[in-house]
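Down below is the structure, laid out as structure tokens.
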Amino acid sequence: MAVVVETKQLLETVVVSLVAGIGVTVVFSVAIWGVARFGDLNRDDRPLAAGAAAMLAGLAALFTLVAVAFGIAVMSSK
């Protein structure tokens, strides 16, 4: 019997793409928030908090780039 649609694989693809899409969007928004907070805290002469916000922004941006690279690697390997 021929199978036209692999339902399990299709459902898995939809779930993974939703989780990845929402996850990367949230992490990138944290990076934007960190940059904005850095600017605010820097203007308020709070260097320690500004540094923490900048570090958070940098880590979130790095994670976003890693997630995008991972996604490209997975797509090109199949």
Subset of the stretch 32-73 [among the β-branched types (Val, Ile, Thr) and closer than 24 Å to Val16 by Cβ]:
Thr64, Val66, Val68, Ile72
How many residues does the stretch 1-46 contain that are surrounded by 11 or more Cβ atoms within 10 Å (Cβ to Cβ) and farther than 30 Å from Val74 by Cβ?
8
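FYI, it's all coordinate maths here, none of it is from the lab. Just so it is clear, the structure is predicted and the values come from calculations on it, not from any experiment. Heads up, the Cβs are rebuilt from the backbone with ideal geometry, glycines too, and the neighbour counts pull from every protein chain shown.
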